[in-house]
Amino acid sequence: MREILIVGAGFAGSVLAQKFASSGHRVTVLEQRSHIGGNCYDFMDEQSVRQHLYGPHIFHTNSTQVSEYLSNYTKWMPYQHKVLGLIDGKLLPIPFNLTGIEACFPAHEANAIKGLLVSKYGMGSKVPILELRKNKDPLLSKLADFIYEKVFLHYTMKQWGQSPDEIDQAVTDRVPVNVSYDDRYFNDSFQMMPLQGYTAIFKKLLMHPSIKVELNVDACERIQLDPDKGTIAYNGSDFAGTLIYTGCIDRLFQYALGKLSYRSLDFDVQYKEGTYQPVTTVNYPTPVIEHAYTRITEYKHMMLSKPENTTIAIEYPMAYDRDGQKGNIPYYPIFTKESQNQYESYKELAKKIPQLTLVGRLAEYRYYNMDAIILRALEVFEELQDANG
Ligand code: FAD
Ligand code: UDP
């Protein structure tokens, strides 16, 4: 039996806690917030709407390992996520698709564009906007400029404070142009929402006699690392167990190599009567002077039995400020060459401490979806088991 200390009760920390406890180890989970679930935390609000406190979380995966694993902890409701975007005053499917082309171009031009797209890329294909923009064909180039401007440019400027050409291409590749009439946001083989929400899953993952969860604890105040000696102290004493850390890596090392860049969000949550909008999420890829926010989410569309009234969250991206009243949550790593290099230097520092494992969106400074981080946690468990016999 080993002593496992886990920092963070999001998916990374909770899946690892469940796996280690089920294998006979003693686990302590430290969480700085007043609740478990990390950014996937949800709760029933006064309107009987299941609100996602840290923004809308839609479960989708192509991994049967992940869907089977989670199915031990939840029942599901079928759900296909649909997003509409306000483009030229019309609400059109996002990702932009053939329906959008028909709505935004005169019929003869739309037909010609559709023909060109299908012959070049094939019906059903998905084309990243930055790929589409490389086109020399005048009509496809006109289309690419239109989509770039009306879907990506202003949204990305609001979301990241930078244009799509300036940020890591992998970010806009997440929402390619669909050469089809498919109006779903995702097309993974498994798309379901947990019937009782995400927090219920976390409660079950962590409900084990060998798991102790401590809330409202900033672990960095209890943990001291000594990279030179390769050791860890916990509450002032030598720690001989395994430390799994899922928070910000720069914070763990007391910013010894500088502060990493993050982007934050502010959610303006409002209660409304009836139903507010036709789908769960409406994007506003409009200039900031028209709408300062990027998207509005109406949570009740993700529920099986829909309450009469409704709760919406208006999402304002903003600079991260650790000590600010707003914007103090590091939602997204900002991927620049400089920040990646800085992260790599932190990783080298972490390697000097053999008992320390970094896993999670913040600790690995990566854009993991829920399924990807669950898979990663399951892999890390196997690796640590192998390493420790
Ligand atoms: P987190 O969930 O961030 O958990 C880390 C935990 O560690 C937190 O609870 C934090 O409080 C705690 N912690 C950090 N530092 C300390 C410390 N010093 N002491 C104690 N505790 C600490 N994924 C999808 O698949 N579908 C979606 O629709 C989707 N939507 C998203 C929308 C938004 C706005 C964001 C930001 C993310 C979205 N994601 C989505 C991604 C999803 O949130 C992540 O995959 C998931 O939360 C990663 O889990 P994690 O455990 O790595 O991190
Ligand atoms: N994006 C955009 N317009 C949209 C939707 C997305 O420009 O209408 C870009 C934007 O840069 C965003 C990225 O695509 O950050 C990824 O979008 P996704 O919805 O995957 O972001 P999430 O909010 O899930 O992180």
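Some notes on this structure:
- For segment 365-382, the set of residues classified as within 16 Å of ligand 2 (Cβ to nearest atom) and charged (D, E, K, R) consists of Arg366, Asp371, listed by residue number.
- Val49 being β-branched (Val, Ile, Thr) and open to solvent by less than 10 Å² (accessible area, probe 1.4 Å): yes
- Residues of segment 234-254 satisfying the condition of being surrounded by 13 or more Cβ atoms within 10 Å (Cβ to Cβ) and either in a loop (DSSP other than H, G, I, E, B) or out of contact with any Leu (no Cβ under 8 Å at 6 or more places or on another chain) (or both): Phe239, Gly241, Thr246, Gly247, Cys248, Arg251, Phe253
- For segment 118-136, filtered to residues that are surrounded by 13 or more Cβ atoms within 10 Å (Cβ to Cβ) and more than 30 Å from Tyr331 (Cα to Cα), the residue that is modelled with the lowest pLDDT is Asn135.
- Residue selected from segment 87-117 under the condition in contact with a Pro (Cβ under 8 Å, 6 or more places away or on another chain) and part of a helix (DSSP H, G or I), by the criterion most open to solvent (accessible area, probe 1.4 Å): Thr99
- Leu84 vs. criteria buried (at least 17 other Cβ atoms within 10 Å of the Cβ) and out of contact with any helix residue (DSSP H, G or I) (no Cβ under 8 Å at 6 or more places or on another chain): yes
- Tyr271 within 30 Å of Ser305 (Cα to Cα), open to solvent by 70 Å² or more (accessible area, probe 1.4 Å) and in a strand (DSSP E or B): yes
- Count of residues meeting criterion [more than 15 Å from Ile129 (Cα to Cα) and assigned to a loop (DSSP other than H, G, I, E, B)] in segment 145-165: 2
- Any chance His35 is under 21 Å from Phe190 (Cβ atoms), within 16 Å of ligand 1 (Cβ to nearest atom) and in contact with a Phe, Trp or Tyr (Cβ under 6 Å, 6 or more places away or on another chain): no
- Checked against the criterion of being within 13 Å of ligand 1 (Cβ to nearest atom), surrounded by fewer than 20 Cβ atoms within 10 Å (Cβ to Cβ) and either in contact (Cβ under 8 Å) with a residue 40 or more places away in the chain or within 14 Å of the chain's Cα centre (by Cα) (or both), the candidates Tyr41, Tyr54 yield just one match: Tyr54.
- Scanning segment 154-175 for residues that are in contact with a helix residue (DSSP H, G or I) (Cβ under 9 Å, 6 or more places away or on another chain), open to solvent by 20 Å² or more (accessible area, probe 1.4 Å), within 20 Å of Ser125 (Cβ to Cβ) and away from ligand 1 (no atom under 14 Å from the Cβ) yields a count of 2.
- Applying the criterion of at least 3 residues that are open to solvent by less than 40 Å² (accessible area, probe 1.4 Å) and either within 30 Å of Glu149 (Cα to Cα) or of a type outside the set (S, T, N, Q) (or both) to the strands (runs of 3 or more DSSP E) found wholly in segment 276-382 leaves 281-283, 295-298, 310-319.
- Residues that are over 19 Å from Ile36 (Cβ atoms) and either surrounded by 18 or more Cβ atoms within 10 Å (Cβ to Cβ) or within 20 Å of the chain's Cα centre (by Cα) (or both) within segment 185-223 comprise Tyr185, Phe186, Asn187, Asp188, Ser189, Phe190, Gln191, Met192, Ile223, listed in sequence order.
- Pair list, Cβ < 8 Å and 6+ apart or interchain, from segment 88-105 residues that are within 11 Å of Val282 (Cα to Cα) and away from ligand 1 (no atom under 16 Å from the Cβ) to residues that are open to solvent by 20 Å² or more (accessible area, probe 1.4 Å) and among the charged types (D, E, K, R): Pro93/Lys82; Pro93/Asp183
- For segment 3-19, the candidate set comprises residues that are farther than 23 Å from Met193 by Cα and out of contact with any helix residue (DSSP H, G or I) (no Cβ under 7 Å at 6 or more places or on another chain); within that set, the residue that is most open to solvent (accessible area, probe 1.4 Å) is Glu3.
- Residue match in segment 162-171 (condition: in contact with a Cys (Cβ under 9 Å, 6 or more places away or on another chain) and over 11 Å from Pro95 (Cα atoms)): no
- Every residue from segment 238-249 that is touching a residue at least 40 places away in the same chain (Cβ under 8 Å) and away from ligand 1 (no atom under 11 Å from the Cβ): Phe239, Ala240, Gly241, Thr242, Leu243
- Top-ranked residue of segment 160-181 - restricted to ones that are within 19 Å of the chain's Cα centre (by Cα) and among the small types (Gly, Ala, Ser), ranked as farthest from ligand 2 (Cβ to nearest atom): Gly161
The values are calculated or read from the model by the stated rules, or taken from the named source; none is laboratory data. On a predicted model such as this, the values are computed, not experimentally measured, just so you know. In this analysis, Cβ positions are derived from the backbone assuming ideal geometry, glycine residues included, and neighbour counts consider all displayed protein chains. Calculation scope for accessible area: heavy atoms of the full protein, side chains included, ligands and nucleic acids excluded. Shrake-Rupley method; radii C 1.70, N 1.55, O 1.52, S 1.80 Å.
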